[in-house]
Amino acid sequence: MHNFVINTIKATIIELIVALFITAIILGLGYFLFGAKVEETMSLINKVSIGVSEGKEAVDPVMNEENKIINYPEYGNKYGTIKIPKIDIDLPVYYGDALDILKKGVGHSSGSYFPGEGGSIIYMGHNSKKVFRRFSELQIGNKIQVTTSYGEFNYKIYDMQLINETEVDKLPIQKEKEILMVYTCYPFNNIGYATQRYVVYAELES
Amino acid sequence: MKVVKNIIQYIVATILALAILLLILINIFSSSILSKDYVLSKLDEQNYYDKIYEDTKSNFENYIHQSGLDEEVLNDIVAKEKVKKDTKIIINNIYNGMDEKINTEEIKERLNENINNSLNGKISATQRKSIDTFVDTICKEYEATISHTNYEQKIHTGYKQIERYINLAKKGILIGIGVCIVLIILLTLKRIYRVIARIGIAFTIDGILLLFAQNYINSKVRISSITILNDGTSEVLRSILNDILGNVLKYGSVLLSIGIILIVIYGLIKSIRKIKREKEQYTPEN
């Protein structure tokens, strides 16, 4: 009986070792041939995975002494407020320009610079009563104040322009001078779909 | 000669394992993402239509803020049933190659009616033009939210091609499996019980490979946070991926178990034969 058990275990283990050995060869060969592609595919899939920030509280951006922001806000997060005393505006500013962001307040075009970085900053908002409906009352010399977690920035309006909807992407992005561009849909009392944009240009005072 | 014969047997067992593995993977995909009925059942299970209905409403609201119109003009312009019907049109276009378009006339009519009522019919010619653009934008937004793509026909062509290759592959693999089993039988004619061991090895290899793949993908991909297009689509996709991995785990466990059982049975038969042989060797002397 003892021999019978020993023989059975021996035969089983030998076959299992062979199976494991062949599996290892297949895996090794598979990794050699397709390993890089598999890894690439996995990282591609992970790129469409969000949720890293889920459950975490939004961290306020911080600017270092060289005027560089250390931690940029995540897309869709609020990072400041904009005040335009002339038209009683005091609204939250969110990073991003998706339509669902604009429902909450003023959006910051993700391709533009942040206040204090020394370049073009592009903000936008709806022309609804709660947001920029009164833009027509703004005049050259009026003040715009942007407050962030890393500082307060005051701008003075120096120009206003009317552009087509399609020209918004062509607003000048540069890093020589800090300019704040805020735009909304035009006409302000429009009914239906507005195809023009009213842009207010302001330069940094302090 | 015996060693060569054994090596050939193991090589054939490896080919058999790979063929079975391919067949299982093809079956898993055929019965999930490539099956229209399965996808429709997933849409129902994940309340896809309700979520898309909410998405359409939310997307419409994005336009109302800049339109100068009251939010009420969007009331009842789309019904849940329409969302369901139109989603099924898209699924039909993709899986059955239909070329049916989403009809937005009803939305257009209701929206225009709501706008007219809201403005008490006082609409200037300039406003009319602007309102028409607004209505068209809302209709396009609806189409985009429901279909997400303009390439239904291209997707269908790709799907048909995959289906054709899969059917061909299935036939080829089944023939391959048959040939492998016949070869193993021929190679083990004198000790036919070895067929059990070779098939057991093939199943064990498949079991380990499938379990490894399932664990590897689970550790590398954050399935629970995959986000594509919108919440509804993302949840359906996550659910399908979890189903596929669940099936891989199920098949892997079953194959590994059967493989080990077959190998143990082989061990038992081999042992019995050895003891029998030993007994026979001692008998003449007694």
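Across region B:205-214, rounded Karplus estimates of 3J(HN,Hα) from the backbone phi angles (6.51 cos²θ - 1.76 cosθ + 1.60, θ = phi - 60°) give 4, 4, x, 5, 4, 5, 5, 4, 4, 4 Hz, Gly and Pro being marked x.
So which aspartates and glutamates can A:Lys170 reach, going by Cα to Cα under 18 Å and dropping same-chain residues fewer than 8 places off? Straight-line reach from A:Lys170, under 18 Å: A:Asp97, A:Asp159, A:Glu178.
When the C-alpha to C-alpha distance is required to be over 22 Å, the pairs from A:Lys103/A:Lys175; B:Lys84/B:Lys108; B:Lys57/B:Lys154 that qualify are A:Lys103/A:Lys175; B:Lys57/B:Lys154.
The long axis of helix A:2-47 is offset from the longest Cα principal axis of chain A by roughly 20 degrees. Placing +1 on the Cβ of every Lys and Arg and -1 on the Cβ of every Asp and Glu, with nothing else charged, gives region B:59-146 a dipole about its Cα centre of roughly 100 debye.
The value of relative contact order for region A:78-204, using C-alpha pairs under 8 Å at least six residues apart, is 25 percent. Using C-alpha pairs under 8 Å with a sequence gap of at least 6, the mean separation divided by the residue count of region B:1-118 gives a relative contact order of 22 percent. Within straight-line reach of B:Lys270, meaning a Cα separation under 29 Å, sit the following lysines at least 8 residues removed in sequence or on another chain: A:Lys10, B:Lys2, B:Lys5, B:Lys190, B:Lys279. Only bridges with both residues in the protein assembly as shown count here: give the DSSP antiparallel percent, nearest 5. In the protein assembly as shown, DSSP labels about 85 percent of beta bridges as antiparallel. Mean residue ellipticity, 222 nm, helices only, chain A: the sum of -39500 (n - 2.57) across DSSP H runs of n ≥ 4, divided by residue count and rounded to 500, is -8500 deg cm²/dmol. The charge dipole of the protein assembly as shown, taken about its Cα centre with unit charges on the Cβ atoms of Lys, Arg (+1), Asp and Glu (-1) only, comes to about 3220 debye. Could you state the angle between the C-alpha long axis of helix B:2-30 and the longest principal axis of the C-alpha atoms of chain B, as a value from 0 to 90 degrees rounded to the nearest 10? Approximately 20 degrees, to the nearest 10. Per-residue ellipticity at 222 nm, computed for chain B from helices alone with -39500 (n - 2.57) per DSSP H run of at least four residues, works out to -28500 deg cm²/dmol. Per the Debye formula on identical point scatterers at the alpha carbon atoms of chain A, with no solvent, log10 I(q)/I(0) at q = 0.07, 0.16 Å⁻¹ is -0.37, -1.05. The ellipsoid that matches the Cα gyration tensor of the protein assembly as shown has semi-axes, each √(5λ) in whole angstrom, of 68, 29, 16, with the longest given first. Placing a label point 7 Å from the Cα of A:Glu205 along the Cα-to-Cβ direction, the residues of region A:144-179 whose backbone N falls under 17 Å of that point are A:144-148, A:152-160, A:178-179.
Placing unit charges on the Cβ atoms of the charged side chains and taking the dipole of region A:78-204 about its Cα centre, the candidate lying farthest along the positive direction among A:Gly118, A:Val199, A:Ile89 is A:Ile89. Seen against the Cα atoms of chain B and their longest principal axis, helix B:231-282 is set at about 10 degrees. The GNM of chain B, with springs linking C-alpha atoms under 10 angstrom apart, assigns the highest mean-square fluctuation among B:Ser31, B:Ser41, B:Ser130 to B:Ser130. The base-10 log of I(q)/I(0) for region B:11-156, evaluated at q = 0.10, 0.15, 0.21 Å⁻¹, reads -0.48, -0.83, -1.25 [Debye formula, identical scatterers on Cα atoms, solvent excluded]. Structural descriptor for region A:60-108: relative contact order 26 percent, calculated from alpha carbon pairs under 8 angstrom and at least 6 residues apart.
Computed from the coordinates by the stated procedures, all read-outs in this text should not be read as laboratory data. Everything numeric here is computed off the predicted structure, so don't read it as measured data. Don't worry about glycine lacking a Cβ; one is built from the backbone with ideal geometry, like all the others, and counts go over all protein chains shown.
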